Amino acid sequence: DLTGLSATATSTDPVEGLSASSAPDIFNIIVDAVADAPSITATGGTLDEGNPIPVTISGSLGADTDGSETITGYQVSGVPAGFTFNQGTNLGGGVWAFTVAQVAGLTIVSANPAFAGSLNLTATVLTTENPVSDGEFDFTDNNNSASTSFSVTWEDDDEPLVAPPAPLCVDETN
């Protein structure tokens, strides 16, 4: 922000050679803090059914030249019921939220150990411009985000699931 600036207007009549100046006017310039567009990469993997699949998510800040922007968290959307991550918070509606620390060592698993198939998911990085100056007049542009798609796949391991045998009772009294 720039404060205490002064401007004076001067008009000149070139025919008469006369000029007049206004009284100085003091004014301020307030610079609006705007969060720059971040970037994100996300990758899943492919493993046999029943295994947790590692998920790698990494976000980067945009052109933050003054160090005022931070990554505030991540989200993964498109997660069907029955699939969970090893950390983070299930926000419902297929959306999971993660702190910056929680994306390290992240895995996803199906509650059904025989599930074979793919999930197409979307990862989002969330950023904010902070602290904003005392003269901030537009708070709507202090946050930003970027998203990318990725997939995870469980392959059929061709091994049948074997259930333990049910108890058998034999009546030998007859």
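The values are calculated or read from the model by the stated rules, or taken from the named source; none is laboratory data. This one's a predicted model, so the numbers in the text were calculated from it and none came from an experiment. Methodologically, a virtual Cβ is constructed for each residue, glycine included, from the backbone with ideal geometry; neighbour enumeration extends over all protein chains shown. To get the accessible areas, we keep the full protein, side chains included, count just its heavy atoms, and leave off ligands, DNA and RNA. Shrake-Rupley method; radii C 1.70, N 1.55, O 1.52, S 1.80 Å.
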Handout entry: Condition met for Q87 (assigned to a loop (DSSP other than H, G, I, E, B), modelled with pLDDT of 95 or more and either under 16 Å from the mean Cα position of the chain (by Cα) or among the β-branched types (V, I, T) (or both))
Key = yes
Problem - Hits in the range 104-141 - residues which are over 17 Å from the mean Cα position of the chain (by Cα), modelled with pLDDT of 90 or more and of a type in the set (A, V, I, L, M) - result: I108, V109, A111, A114, A116, L119
Problem - The one condition in (1) without any contact (Cβ under 8 Å) to a residue 40 or more places away in the chain; (2) under 27 Å from T122 (Cβ atoms); (3) open to solvent by 50 Å² or more (accessible area, probe 1.4 Å) that D64 fails to fulfil - result: (3)
Exercise for the section: Being outside any loop (DSSP other than H, G, I, E, B) and among the aliphatic types (A, V, I, L, M) is the filter; apply it to the range 60-84 and report the residue that is modelled with the highest pLDDT. Expected result: V76
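Conditions (1) exposed (fewer than 14 other Cβ atoms within 10 Å of the Cβ); (2) acidic (D, E); (3) in contact with a helix residue (DSSP H, G or I) (Cβ under 8 Å, 6 or more places away or on another chain); (4) in contact (Cβ under 8 Å) with a residue 24 or more places away in the chain, marked per residue:
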position: D32; (1), (2), (3), (4): no, yes, yes, yes
position: G45; (1), (2), (3), (4): no, no, no, yes
position: N51; (1), (2), (3), (4): no, no, no, yes
position: V76; (1), (2), (3), (4): no, no, no, yes
position: G82; (1), (2), (3), (4): yes, no, no, yes
position: T89; (1), (2), (3), (4): no, no, no, no
position: F98; (1), (2), (3), (4): no, no, no, yes
position: I108; (1), (2), (3), (4): no, no, no, yes
